[in-house]
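Student: To start, I am sharing the structure in question, which I have written as structure tokens.
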Amino acid sequence: MGHTLTKQVRLLVALLLLVAPAMAQQRPTEPLPSEPAFSEAFSWEATYGKSPAAFTQDDWRAVIDATWGAGLPTTQKLALFDQWWDLVDRHYAGFFNMDLDINVLRDRYRPEIEAGVSRGRFAGIMSHFTYQLNELHTYLFDIPVRNTALNKGVPTLVIGQWGTNQHFGAVLTPLPDSSLLVYKALPNHPLGLQPGDVVLGYEGLAWKDLYPTLLEAELPLFLNSVNASTEEANTYYLLQAAGLNWHLFDTIDIVQYSTGDTLHFDTALLAGQRRTIWGSEQIDVHGVTWPDRNVDRVSWGVVDGHNGSKVGYVYVTSWSFDAQFNIREQFRSAIDSLMRHVDTDGLILDYRFNTGGGALARDGYALLFRQLTRTIGFDIRTGTRDHFAMRPDPNRQENNLIILADPTNSYDKPIAVLMGPGSISAGELEALRATFHPQVRLFGLPAPGGNTGSNFIDLGDSNWFASLSNSSMYRVSDHQYLVHIGLQPDTRVWLDRDDVAHGTDTVVEAAMAWIVDPTATGTDDLPRTSTSTLQAAAYPNPFHTTATLTYELPEATAITVHVYDLLGRRIATLEDAIQPAGSHRLTWDGRMATGGLSPSGTYFYHMQAGEQSVAVPVVFLR
């Protein structure tokens with residue numbers, strides 16, 4: 001949930017923003033225009049004698065060594081690594097809900113540095129060590145290496161597409177087979193791309209089979225603009241960045257929607273592409289204009305829904321504290337207008353592309369809610385070597401995250417909140433807080449799980465930029481830490497290829513249908529982590545052998561407890577009976593109803609007790 005900016009790095013951040021406009025207000029997202037390291041006529045195969053798809057780790061590392069030179073002396077590289085490792089050990093708040101031993105990472109990477117590595121290899125090691133922390137607000141990079149222009153031949157791996165995407169000129173979203181759907185493309189795209197086309201990969205190989213090799217070779221990472229905090233979202237970010245990595249290959253493979261033909265283009269055709277296209281994963285909706293990010297972050301209007309309905313539609317692309325955009329007041333004005341001055345049958349709040357900031361929906365939500373609602377809070381690391389020792393975060397207190405309300409003036413019609421992997425930081429936080437409203441339903445894909453607060457870190461070297469999560473968000477109802485647990489949609493739905501080709505937003509259509517008939521639900525409905533007052537918790541979490549679910553029943557009631565996976569599939573039933581009031585516990589050994597052992601991953605205990613329900617996430621590690 002945003003950053004607390006330390007005094008020591010204010011000047012550095014200001015300089016970075018002057019030279020590289022940021023998608024989020026705190027950091028650069030596009031490479032600086034620097035002198036080309038290679039000419040536009042550069043060919044990987046002509047230069048190195050083989051296709052980059054056939055490169056070994058040693059081949060890639062030789063290219064990395066040649067690109068950025070020797071860099072700092074080894075002693076200084078080791079000191080920088082040790083400093084960052086120690087900061088992670090003492091202050092990183094993402095050890096919950098994952099199996100991570102940073103001593104293993106230190107033992108892997110430190111000897112490599114000690115043996116002597118180039119500047120590019122050191123940048124790669126530092127970015128990959130940090131990437132394995134698997135946390136959205138935690139990143140580290142060598143600024144000149146990261147800002148090297150992505151000319152063909154530069155060995156930098158791009159992850160994510162949440163920036164301006166000037167490097168490719170089209171934006172992609174993964175399909176179920178991990179190929180990449182073009183959902184928007186600039187006019188006169190150098191490859192002639194159109195919505196509905198599909199990017200397969202490069203050099204005749206699927207992108208899903210190419211990027212693991214690039215990760216193993218430890219190319220320096222360009223996070224566009226952040227890492228994710230769940231395995232599912234990280235895979236998603238890697239896939240959607242396929243087009244932005246054309247500089248690593250000689251040919252790109254495309255399937256045209258209009259003809260069905262598979263075409264192979266020389267990636268040199270993309271060398272002159274510099275126009276902006278935002279990776280929003282949204283299709284234009286008639287009746288409301290997407291915010292012009294040069295001047296706005298919020299826009300709203302009324303759109304024609306199904307069966308003659310009128311639906312209020314609000315885009316929020318950031319919750320930044322930037323006074324220029326006055327997002328808090330703009331959002332309140334949007335809700336006020338659509339509640340009090342227009343007769344609407346429901347609302348759609350579209351957070352699918354939101355670059356985060358702070359909890360600025362508070363005034364708008366106060367108009368929607370009927371009663372004061374306590375939602376979430378944050379605990380901060382204590383600064384000791386105990387990775388799970390936490391205390392209340394003085395900068396992100398529970399009382400500041402209460403949703404106020406006016407009982408005489410609330411909204412009791414359907415509210416669809418659209419979310420996905422691009423609901424970053426406070427984009428996910430405000431989607432979660434919206435779920436405390438009884439009329440809210442979530443549509444889309446799981447959010448990236450970046451449920452932490454963070455600080456920028458001054459490492460004492462002006463060439464390095466770092467951010468470290470130091471606090472973790474929890475629900476007030478059970479104090480369960482939510483880092484690495486992405487908010488789940490109630491209805492899982494995403495962009496369909498045929499819909500995209502015809503200019504239709506599949507997610508919006510699903511939300512519109514629900515607003516007209518809130519009793520209708522899709523086949524991909526998932527149990528949501530509930531806002532119920534029913535109390536339940538799971539421990540240990542993560543677990544290897546057995547997890548215990550404890551819960552309190554205020555009165556005797558019929559209760560069912562099922563276990564679901566992230567796709568919403570019921571894999572086990574733990575209880576189906578009438579139980580007396582009081583404390584209860586159940587255990588799950590990770591086995592499915594069929595008797596087989598479940599794969600490692602995140603699961604949900606979903607408990608229904610009378611009219612109340614709660615979903616408790618738990619991580620199983622085999």
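Student: Given (1) open to solvent by 50 Å² or more (accessible area, probe 1.4 Å); (2) in contact with a Pro (Cβ under 7 Å, 6 or more places away or on another chain); (3) at pLDDT 95 or above, where does Thr262 come up short, assuming only one miss?
Tutor: For Thr262, the exception is condition (2).
Student: Still on this model: Ser532 passes all but one of (1) assigned to a loop (DSSP other than H, G, I, E, B); (2) modelled with pLDDT of 85 or more; which number fails?
Tutor: Condition (2) is where Ser532 drops out.
Student: Residue check: is Ile485 more than 30 Å from Leu80 (Cβ to Cβ), β-branched (Val, Ile, Thr) and in contact with a strand residue (DSSP E or B) (Cβ under 8 Å, 6 or more places away or on another chain)?
Tutor: Details: more than 30 Å from Leu80 (Cβ to Cβ): yes; β-branched (Val, Ile, Thr): yes; in contact with a strand residue (DSSP E or B) (Cβ under 8 Å, 6 or more places away or on another chain): yes.
Answer is yes for this residue.
Results for (1) under 25 Å from the mean Cα position of the chain (by Cα); (2) among the small types (Gly, Ala, Ser); (3) farther than 29 Å from Lys310 by Cα, shown as yes or no for each residue.
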site	(1), (2), (3)
Phe378	yes, no, yes
Thr382	no, no, yes
Ala389	no, yes, yes
Asn395	yes, no, yes
Leu401	yes, no, yes
Asn409	no, no, no
Ala416	yes, yes, no
Pro421	yes, no, no
Gly427	yes, yes, no
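Student: Of all residues in the range 549-570, count the ones that are open to solvent by 20 Å² or more (accessible area, probe 1.4 Å) and either aliphatic (A, V, I, L, M) or assigned to a strand (DSSP E or B) (or both).
Tutor: The qualifying residues number 11.
Student: Residues in the range 337-374 that are of a type in the set (S, T, N, Q) and under 30 Å from Gln161 (Cβ atoms): how many? Write out each step before concluding.
Tutor: In the first step, residues of the range 337-374 are kept if they are of a type in the set (S, T, N, Q); the result is 337, 344, 354-355, 371, 373.
Remaining after also requiring under 30 Å from Gln161 (Cβ atoms): 354-355.
The total comes to 2.
Yes/no matrix, rows are residues, columns are (1) open to solvent by less than 10 Å² (accessible area, probe 1.4 Å); (2) outside any loop (DSSP other than H, G, I, E, B); (3) aromatic (Phe, Trp, Tyr); (4) modelled with pLDDT of 95 or more:
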| site | (1), (2), (3), (4) |
| --- | --- |
| Tyr109 | yes, yes, yes, yes |
| Ile125 | yes, yes, no, yes |
| Val158 | yes, yes, no, yes |
| Gly163 | yes, no, no, no |
| Thr173 | yes, yes, no, yes |
| Gly196 | yes, no, no, yes |
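Student: Can you spot a residue in the range 388-398 that is more than 30 Å from Leu100 (Cα to Cα), surrounded by fewer than 20 Cβ atoms within 10 Å (Cβ to Cβ), at pLDDT below 95 and out of contact with any His (no Cβ under 8 Å at 6 or more places or on another chain)?
Tutor: No: the range 388-398 contains no residue that is more than 30 Å from Leu100 (Cα to Cα), surrounded by fewer than 20 Cβ atoms within 10 Å (Cβ to Cβ), at pLDDT below 95 and out of contact with any His (no Cβ under 8 Å at 6 or more places or on another chain).
Student: Return a yes/no flag: does the range 299-322 have any residue that is at pLDDT below 95, under 27 Å from the mean Cα position of the chain (by Cα), under 25 Å from Pro489 (Cα atoms) and assigned to a loop (DSSP other than H, G, I, E, B).
Tutor: Checked against the condition, which is being at pLDDT below 95, under 27 Å from the mean Cα position of the chain (by Cα), under 25 Å from Pro489 (Cα atoms) and assigned to a loop (DSSP other than H, G, I, E, B), the range 299-322 yields at least one hit.
Student: Now for a different question. Looking only at the range 365-387, how many residues end up being over 17 Å from Pro438 (Cα atoms) and part of a loop (DSSP other than H, G, I, E, B)?
Tutor: Residues in the range 365-387 being over 17 Å from Pro438 (Cα atoms) and part of a loop (DSSP other than H, G, I, E, B): 6 in total.
Student: For Asn307, which of the numbered conditions (1) farther than 21 Å from Asp498 by Cα; (2) open to solvent by less than 60 Å² (accessible area, probe 1.4 Å); (3) polar (S, T, N, Q) fails to hold?
Tutor: Going through the list (1) farther than 21 Å from Asp498 by Cα; (2) open to solvent by less than 60 Å² (accessible area, probe 1.4 Å); (3) polar (S, T, N, Q), Asn307 breaks only (2).
So that you can scan it fast, the table gives a plain yes or no per residue for (1) in contact (Cβ under 8 Å) with a residue 60 or more places away in the chain; (2) within 23 Å of Pro438 (Cβ to Cβ):
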{"site": "Gly279", "(1), (2)": "yes, no"}
{"site": "Ile283", "(1), (2)": "yes, no"}
{"site": "His286", "(1), (2)": "no, no"}
{"site": "Pro291", "(1), (2)": "no, no"}
{"site": "Asp296", "(1), (2)": "no, no"}
{"site": "Asp304", "(1), (2)": "no, no"}
{"site": "Asn307", "(1), (2)": "yes, no"}
{"site": "Val314", "(1), (2)": "no, yes"}
{"site": "Asp322", "(1), (2)": "yes, no"}
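Student: Inspect the range 260-271 for any residue being assigned to a loop (DSSP other than H, G, I, E, B), over 30 Å from Leu338 (Cα atoms) and more than 30 Å from the chain's Cα centre (by Cα) and give the result as yes or no.
Tutor: yes
Student: On to the next question. Limited to the range 388-416, what total is found for residues that are β-branched (Val, Ile, Thr) and assigned to a loop (DSSP other than H, G, I, E, B)?
Tutor: 2
Student: For the range 464-473, check the following and say yes or no: at least one residue is modelled with pLDDT of 95 or more, over 22 Å from Asn234 (Cβ atoms) and either part of a strand (DSSP E or B) or not small (Gly, Ala, Ser) (or both).
Tutor: Yes, some residue in the range 464-473 is modelled with pLDDT of 95 or more, over 22 Å from Asn234 (Cβ atoms) and either part of a strand (DSSP E or B) or not small (Gly, Ala, Ser) (or both).
Student: A follow-up question, please. I'd like the full set of residues that are more than 30 Å from Phe443 (Cα to Cα) and either open to solvent by less than 70 Å² (accessible area, probe 1.4 Å) or in contact with a Gly (Cβ under 6 Å, 6 or more places away or on another chain) (or both), limited to the range 590-613.
Tutor: Gly595, Gly596, Leu597
Student: Does any residue in the range 326-340 that is in a helix (DSSP H, G or I) come within less than 7 Å, Cβ to Cβ, of a residue that is open to solvent by 70 Å² or more (accessible area, probe 1.4 Å) six or more places away or on a different chain, and which pairs are these?
Tutor: Sorted first by the residue in the range 326-340, then by its partner, the pairs are Ala334/Trp300; Ser337/Trp300; Leu338/Trp300.
Student: Same structure, new question: Would a scan of the range 363-373 turn up a residue that is surrounded by 19 or more Cβ atoms within 10 Å (Cβ to Cβ) and either farther than 30 Å from Asn307 by Cβ or modelled with pLDDT under 95 (or both)?
Tutor: Within the range 363-373, one or more residues are surrounded by 19 or more Cβ atoms within 10 Å (Cβ to Cβ) and either farther than 30 Å from Asn307 by Cβ or modelled with pLDDT under 95 (or both).
Student: Here is a further query. For the subset of the range 198-225 comprising residues that are part of a loop (DSSP other than H, G, I, E, B) and open to solvent by less than 10 Å² (accessible area, probe 1.4 Å), which member is modelled with the lowest pLDDT?
Tutor: Taking the candidates together, the pick is Ser225.
Student: When you check Pro190 against the structure, is it open to solvent by 10 Å² or more (accessible area, probe 1.4 Å) and at pLDDT 95 or above, yes or no? Lay out the reasoning, then the answer.
Tutor: Values: open to solvent by 10 Å² or more (accessible area, probe 1.4 Å): yes; at pLDDT 95 or above: yes.
So Pro190 passes the test.
Student: Would you confirm, using the coordinates I've provided, whether Trp60 is touching a Leu at 6+ places or on another chain (Cβ under 9 Å) and at pLDDT 95 or above?
Tutor: Details: touching a Leu at 6+ places or on another chain (Cβ under 9 Å): yes; at pLDDT 95 or above: yes.
Yes.
Student: Enumerate the pairs (first residue in the range 472-494 and on the phi > 0 side of the Ramachandran plot; second residue anywhere and surrounded by 21 or more Cβ atoms within 10 Å (Cβ to Cβ)) with beta-carbon separation below 6 Å, excluding pairs fewer than 6 apart on the same chain, so at least 6 apart or on different chains.
Tutor: Sorted first by the residue in the range 472-494, then by its partner, the pairs are His484/Asn97; His484/Ser229; His484/Thr230; His484/Gly449.
Student: Further, regarding this structure: Can you name every residue in the range 343-359 that is part of a loop (DSSP other than H, G, I, E, B), of a type outside the set (Gly, Ala, Ser) and open to solvent by less than 10 Å² (accessible area, probe 1.4 Å)? Reasoning before the result, please.
Tutor: Within the range 343-359, the subset part of a loop (DSSP other than H, G, I, E, B) is 343-345, 351-353, 355-356, 358-359.
Filter again for of a type outside the set (Gly, Ala, Ser), leaving 343-345, 351-353, 355.
The answer is Thr344, Tyr351, Arg352, Phe353.
Student: Still on this structure: Among the residues of the range 417-457, count how many are of a type in the set (A, V, I, L, M, F, W, C), open to solvent by 10 Å² or more (accessible area, probe 1.4 Å) and part of a strand (DSSP E or B).
Tutor: Within the range 417-457, residues that are of a type in the set (A, V, I, L, M, F, W, C), open to solvent by 10 Å² or more (accessible area, probe 1.4 Å) and part of a strand (DSSP E or B) number 2.
Student: Same structure again: Looking at the range 145-162 only, could you name the residues that are of a type outside the set (Val, Ile, Thr) and either touching a Phe, Trp or Tyr at 6+ places or on another chain (Cβ under 8 Å) or within 24 Å of Thr213 (Cβ to Cβ) (or both)?
Tutor: Arg146, Ala149, Leu150, Asn151, Lys152, Gly153, Pro155, Leu157, Gly160, Gln161, Trp162
The values are calculated or read from the model by the stated rules, or taken from the named source; none is laboratory data. Everything quoted here is computed from the prediction, not taken from an experiment. Every residue, glycine among them, receives a Cβ derived from its backbone with ideal geometry; neighbour counts consider all protein chains shown. Ligands, DNA and RNA are excluded from the accessible area calculation, which covers all protein heavy atoms including side chains. Shrake-Rupley method; radii C 1.70, N 1.55, O 1.52, S 1.80 Å.
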